[in-house]
Amino acid sequence: MTMDLDKSTRKPFVRPVEASWWTKKGFYLAYMLREGTCLLVLAFVLEMLGLYIMTALHITDIQHMNQAGLESLQSYIKFLGHPVMIAFNVLVLIAVLYHAFTWFPLMPKATRVIIKDRKSGLYKLLEGKYLVALLVLAFVATTAAGIIFFYYPQLIAKLLTPLGLFEDALKGLFGSKGLPF
Amino acid sequence: MFRKDRSDEPIYWGLFGAGGMVVAIVLPAIIIATMGLNHSVLDTAMFANVILSPVFSLAFIGIMILCTWHALHRIYHTLHDLTIHVGTLHHLLIYGLALLISLAFIGCYLIILFKNLF
């Protein structure tokens with residue numbers, strides 16, 4: 001954990017601080033809300049862990065998901081579609097967006113680009129406002145993909161079926177016909 | 001084996017940084033896509049097929065594990081701001097929980113992988 005190279009034998013004076021110090025000023029509150037976004041991220045990870053366990057545990061093999069397994073996975077997805085869970089997910093989304101838009105401006109301050117030639121184009125691109133622009137671009141691209149999948153979830157299966165990744169699996173679920181669309 | 005003069009902090013901060021990037025860039029898309037999930041038989045089966053692909057699954061657990069370490073590292077350091085002075089117990093509990101969640105994801109991934117192979 002911490003390095004105690006110069007350990008003092010004297011009892012250090014700790015100035016008493018109220019646990020509610022951060023509620024007294026808007027700036028502190030914004031800081032604490034930013035730190036608080038991680039609680040919602042953790043909750044969402046657990047939500048996804050549930051989904052992942054439900055999927056993984058009910059597979060007999062990649063070609064066959066038994067009826068009971070399909071039904072239990074279906075019930076979990078139905079639970080995710082409950083208005084309370086949708087509201088919760090919207091809350092997580094707001095928190096994550098808040099995290100993102102405090103995280104990107106922070107990056108130029110937190111990263112140190114080690115390239116010998118400081119005048120090279122790459123150095124300039126990975127520094128300052130260009131780095132922020134790059135990250136925002138990546139954010140926009142993935143979020144746009146997320147929105148497309150929200151409206152058209154079959155797209156992901158359609159995109160990947162020609163690659164042959166799931167052809168066998170889909171045949172197992174829908175007989176020799178494969179995907180019924 | 002363990003050098004007392006070397007700190008293990010860079011590992012946690014590294015995972016925190018990588019996780020923060022994943023949370024900011026990838027997680028919004030995952031949350032939006034999750035809200036679009038449909039519980040019809042067809043959509044559930046298709047979702048299962050996508051998530052059961054070894055490549056997709058690996059990317060998914062990678063994202064989720066980084067998010068876990070990011071969140072729990074941030075909780076660990078925010079305890080200090082809430083006037084809770086962290087000690088070995090807090091360290092073990094919080095990073096232990098992160099390890100536990102990571103292992104749960106990895107365990108599920110191994111189940112999927114082995115069922116793909118055999």
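Quick check: from the Cα gyration tensor, does the range B:33-83 come out rounded (a/c under 1.5), prolate or oblate? Numbers along the way, then the final one.
Working: a/c = 6.24, a/b = 2.35, b/c = 2.65.
It comes out oblate by the Cα gyration axes.
Test of understanding: express the Cα radius of gyration of the range B:54-118 as a ratio to 2.2 N^0.38 Å, with N the residue count.
Values: Rg = 15.2 Å, N = 65, 2.2 N^0.38 = 10.7 Å.
Taking N as the residue count of the range B:54-118, the ratio is 1.42.
Rounded to the nearest Hz, the phi-derived 3J(HN,Hα) couplings of the range A:142-151 under the Karplus curve 6.51 cos²θ - 1.76 cosθ + 1.60 (θ = phi - 60°) are 5, 5, 4, 4, x, 5, 4, 5, 5, 7, where x marks glycine and proline. Helical runs assigned H by DSSP (4 residues or longer) give chain B a calculated mean residue ellipticity at 222 nm of -27500 deg cm²/dmol, each run adding -39500 (n - 2.57) before division by the residue total.
Counting every other Cβ atom within 10 Å of each residue's Cβ, B:Ser102, B:Ser40, B:Ser57 order from fewest to most as B:Ser40, B:Ser102, B:Ser57. The GNM of chain B, with springs linking C-alpha atoms under 10 angstrom apart, assigns the highest mean-square fluctuation among B:Leu89, B:Leu58, B:Leu103 to B:Leu89. Couplings 3J(HN,Hα) for the range B:31-36, derived from phi with the Karplus relation 6.51 cos²θ - 1.76 cosθ + 1.60 (θ = phi - 60°), are 5, 4, 4, 4, 5, x Hz, where x marks Gly and Pro.
In chain B, the inverse of the mean reciprocal separation of distinct Cα atoms equals 16.5 Å; this is its Kirkwood hydrodynamic radius. Phi angles across the range A:41-53 convert, under the Karplus curve 6.51 cos²θ - 1.76 cosθ + 1.60 with θ = phi - 60°, into 3J(HN,Hα) values of 4, 4, 4, 5, 4, 5, 4, 5, 4, x, 4, 5, 5 Hz, Gly and Pro given as x. Taking the C-alpha atoms only, the angle from helix B:41-51 to the longest principal axis of chain B is near 50 degrees. Whole-percent P(r), the protein assembly as shown, all Cα pairs, 5 Å bins from 0: 1, 5, 10, 13, 15, 14, 12, 10, 8, 6, 3, 2, 1, 0, 0, 0. Ordered by the count of other Cβ atoms within 10 Å of each Cβ, fewest first, A:Leu131, A:Leu33 give A:Leu33, A:Leu131. Which of the residue pairs A:Lys124/B:Lys4; A:Lys11/B:Lys4; A:Lys25/A:Lys109 have a Cα-Cα distance greater than 29 Å in the structure shown? Correct reply: A:Lys124/B:Lys4. Taken along its principal axes, the alpha carbon cloud of the range A:23-107 reaches lengths of 56, 29, 15 Å, longest axis first. Going from the fewest other Cβ atoms within 10 Å to the most, the residues A:Ile114, B:Ile30 appear in the order A:Ile114, B:Ile30.
Read-outs: derived from the displayed coordinates by stated rules, not from any lab. Here the structure is a predicted model, which means the values were calculated and not measured. Ideal geometry is used to build each Cβ from the backbone, glycine not excepted, and the neighbour counts take in all protein chains shown.
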